[in-house]
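Student: The structure follows.
Each reported figure results from applying straightforward, stated rules to the coordinates on display, with no laboratory input. Since the structure is predicted, the reported quantities are computational estimates derived from the model, not experimental observations. Glycine also receives a Cβ, built like all others from the backbone with ideal geometry; neighbour counts cover every protein chain displayed.
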Amino acid sequence: MIKIYNSLTNKIEEFIPLRKNEVSMYVCGATVYNYIHIGNSRPVIFFDTVARFFKYMGYKVTYVSNFTDIDDKIINKAKEENVSEAEISERYIKAIKETYRKLNCLPHDANPKVTENIDGIIQFIDLLIKKDGAYVIDGDVYFDVSKIADYGQLSGQTIENLMSGARIDPNEKKKNPIDFTLWKKTEEGKQWDSPWGLGRPGWHTECVVMIDSIFKGPIDIHGGGLELKFPHHDNEIAQSICAHNHKIANYWMHNGRIDMSGEKMSKSLGNVIWADELLSRTSYQVYRLLILNVPYRQPLDYKEELLVQATTDFEKIQRTYVSLFRKIDLEFAEMSPTNGLVDSELLSLQSAFIEAMSDDFNTANAITAIFAATKHVNLLVRHGKTEGDVLKQALKMLDGMLWVLGINIELDRLTNEEKELIFQWQEARKNKDFTLADTLREKITNKGIQL
């Protein structure tokens, strides 16, 4: 049984999919006016891991994440560089997709863009107006939050509290200061024609339309960073209730932010570490371990010591994996399964991993389970009488657990010549001919063979 902390109910709940053995999942993606920093990459890595675990458990997963490719920040960037918004957005979409690849994320099933969904957005806003959930003033369209009885349910906000804290602008056109924009009349940046005049959509409408366009109804999981709970996700829910009488998703998931010395990491504050910059000085495996070693709902305070620790952690895992892989390759590569031996301890360790991931995707405990597995694997490798079947079972288990975390360790099978070289080295060590052993080890290293 997989359990999820549902941000909508603030409870751990059993995951029951809308369709048996299928998972539909949507995660809010980037606004494409710059590269992504490590804070932006946390949901990318975490929800990729969520999708992987569901697949590991046998579910068919449809995972979608969008690109917001029209926004004030994109317009301002285009003006600064004297280029079109399309040039800015396409540049950063290409760059961000490349960062996803570097992070070893599985390709999304779709990456919808706002500019490709304008007709649907206009039709949706028109539906909200017809359902008396929105109103038009001077070419702008606003959502009337007073029409939703439990507006703010995701974040725990209430209309009364929001109204009491709202600043009233005497020139404000809206009925209520907390009503939000669905369509913005504008003379700046790219515009589209609509029944209300030239303009562009408001941010909060886009995801609702794209989700409905792709999934044709409610989905299992809607995810994103904690900062999106209010107002973005609350506003998505409000619109969906008004238009479709459902809350978009049965389970809402939000990851904690990444801080720098206790301060929110943000492009506007300038205290960011760019994802590509970190990937230029470490491997994606280390990067993912760094992110996943903290439970996803907790904040992560980035320090260089965390990178050092993640590096050490990965090297331990890698050493075990390489030694297991090489032992199988050298001694059991050609062996067909014989007696089908199963190591009960391996099964127990795999169960511990699954149990951790099934408990609200507790990746920190899952990594602990992997380390327990590596200790047992080391014992199996060192024990001269371990059966080949058991070693192959261990490799398959490690491959699966590491794959869930998005960590691949790729090694080539040895040629007969390379195997002979290693056998000679092992024999030299056995005979305590250390001069020859050192010479052979140097040849092995020069061939790029990991042992």
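Student: For the peptides 134-145, 37-48, what is the packing order when you average, over each peptide's residues, the other Cβ atoms within 10 Å and list the highest mean first?
Tutor: The packing order, highest mean first, is 37-48, 134-145.
Student: Could you check the spin-label model distance between D301 and D150? Points 7 Å from the Cα along Cα→Cβ, value in nm.
Tutor: My value for the distance between the label points is 3.6 nm.
Student: Calculate I(q)/I(0) for the chain by the Debye formula, one identical point scatterer on each C-alpha and no solvent, and give its log10 at q = 0.08, 0.11 Å⁻¹ to two decimals.
Tutor: Evaluating at q = 0.08, 0.11 Å⁻¹ gives log10 I(q)/I(0) of -0.57, -0.93.
Student: Report Rg (one decimal) and Dmax (nearest whole number) for the stretch 259-327, counting Cα atoms only, units Å.
Tutor: Values for the stretch 259-327 (Cα only, Rg and Dmax): 14.4, 52 Å.
Student: For the chain, take the longest principal axis of its alpha carbons; what is the angle in degrees between that and the long axis of helix 203-215, to the nearest 10 within 0 to 90?
Tutor: Result, in degrees: 60.
Student: Give the relative contact order (percent, whole number) for the chain; include only Cα pairs under 8 Å separated by 6+ residues. Walk me through the intermediate numbers first.
Tutor: Working: 649 pairs, mean separation 76.3, N = 451.
It comes to 17 percent, rounded to a whole number.
Student: Can I ask one more? Which one, Y284, G384, F230, projects farthest toward the positive side of the charge dipole computed for the chain from Cβ point charges (K/R +1, D/E -1)?
Tutor: Result: G384.
Student: Starting from the stretch 16-67, pick out the trypsin sites (Lys or Arg not before Pro) whose DSSP state is loop and whose Cβ has at most 14 other Cβ atoms within 10 Å.
Tutor: The qualifying sites are R19, K20.
Student: Through the Karplus equation 6.51 cos²θ - 1.76 cosθ + 1.60, θ set to phi - 60°, convert the phi angles of the stretch 110-120 into ³J(HN,Hα) values in whole Hz; use x for Gly and Pro.
Tutor: 7, 10, x, 10, 4, 5, 8, 10, 4, 4, x
Student: Still on this model: Search the structure for amide H atoms under 5 Å from the amide H of V61, placed 1.01 Å from N in the peptide plane, and list their residues when 5 or more places away or on another chain.
Tutor: V23
Student: So which lysines can K73 reach, going by Cα to Cα under 17 Å and dropping same-chain residues fewer than 8 places off?
Tutor: List returned: K113, K184, K185, K190, K267.
Student: Give me, ordered by chain and number, the residues 5 or more places off I219 or on other chains with an amide H under 5 Å from its own placed amide H.
Tutor: For I219, the qualifying residues are A249, N250.
Student: Just to check I understand the Karplus step: with θ = phi - 60° and J = 6.51 cos²θ - 1.76 cosθ + 1.60, what whole-Hz values come out for the stretch 247-260, glycine and proline as x?
Tutor: 9, 6, 9, 7, 10, 10, 10, 9, 8, x, 7, 9, 9, 10
Student: In what sequence, highest mean first, do 343-354, 104-115, 199-210 appear when ranked by Cβ atoms within 10 angstrom?
Tutor: Top of the packing list down: 199-210, 104-115, 343-354.
Student: Between the stretch 59-127 and the stretch 283-324, how far is it from one alpha carbon centroid to the other, in angstrom?
Tutor: When both Cα centres are located, 30 Å separates them.
Student: Using Cα positions and a limit of under 21 Å, work out the lysines in reach of K20, with same-chain residues fewer than 8 apart set aside.
Tutor: Once the sequence-local lysines are set aside, what remains near K20 is K3, K55, K60, K216, K247.
Student: For K385, list the lysines whose Cα falls under 26 Å from its own Cα; do not include residues on the same chain fewer than 8 positions away.
Tutor: K316, K327, K375, K396, K419, K430, K432
Student: Among DSSP beta bridges lying fully in the chain, give the percent that are antiparallel, nearest 5.
Tutor: Taking every DSSP beta bridge within the chain, about 45 percent pair in antiparallel fashion.
Student: Under 17 Å from the 7 Å Cα→Cβ point of I12, by amide nitrogen: which residues of the stretch 229-266?
Tutor: Of the residues in the stretch 229-266, 252-254 have backbone N under 17 Å from the label point off I12.
Student: Run the dipole for the stretch 305-404 about the Cα centre, Lys and Arg Cβ at +1, Asp and Glu Cβ at -1, nothing else charged, and hand back the magnitude in debye, nearest 20. Working shown, then result.
Tutor: Numbers: 9 positive and 14 negative charges, 73 e Å.
Roughly 360 debye, rounded to the nearest 20.
Student: Okay, next question. For the stretch 305-404, what log10 I(q)/I(0) values come out of the Debye formula at q = 0.12, 0.16, 0.19 1/Å, with one point per alpha carbon and no solvent?
Tutor: -0.40, -0.69, -0.92
Student: Just name one of I118, N362, G262: the one whose Cα is farthest towards the positive end of the charge dipole of the chain (beta-carbon charges, Lys/Arg +1, Asp/Glu -1).
Tutor: Of the listed residues, the answer is N362.
Student: Quick one: putting +1 on the C-beta of Lys and Arg, -1 on the C-beta of Asp and Glu, what dipole do you get for the chain around its Cα centre, in Debye to the nearest 20?
Tutor: 800
Student: Tabulate in residue order the Karplus-calculated ³J(HN,Hα) for the stretch 142-157, using 6.51 cos²θ - 1.76 cosθ + 1.60 with θ = phi - 60°, rounded to whole Hz; enter x for Gly and Pro.
Tutor: Along the stretch 142-157, the couplings run 10, 8, 8, 5, 5, 7, 10, 4, 10, 4, x, 5, 5, 8, x, 6 Hz.
Student: For the stretch 51-114, state what percent of all Cα-Cα pairs lands in each successive 5 Å bin, counting from 0 Å until the bin that includes the largest distance.
Tutor: Answer for the stretch 51-114: a P(r) of 4, 16, 21, 19, 14, 11, 7, 5, 3, 1 percent.
Student: Let me ask you something else. Got a sec? How would R91, R319 order by Cβ neighbour count within 10 Å, fewest to most?
Tutor: R319, R91
Student: Quick one: which residues, 5 or more positions from N66 or on another chain, have an amide H under 5 Å from its amide H? H modelled 1.01 Å from N in the peptide plane, none for Pro or chain starts.
Tutor: V27, G29
Student: Angle, helix 234-244 long axis vs. longest principal axis of the chain, Cα atoms, 0 to 90°, nearest 10?
Tutor: Taking the Cα atoms of the chain, the angle to 234-244 is about 70 degrees.
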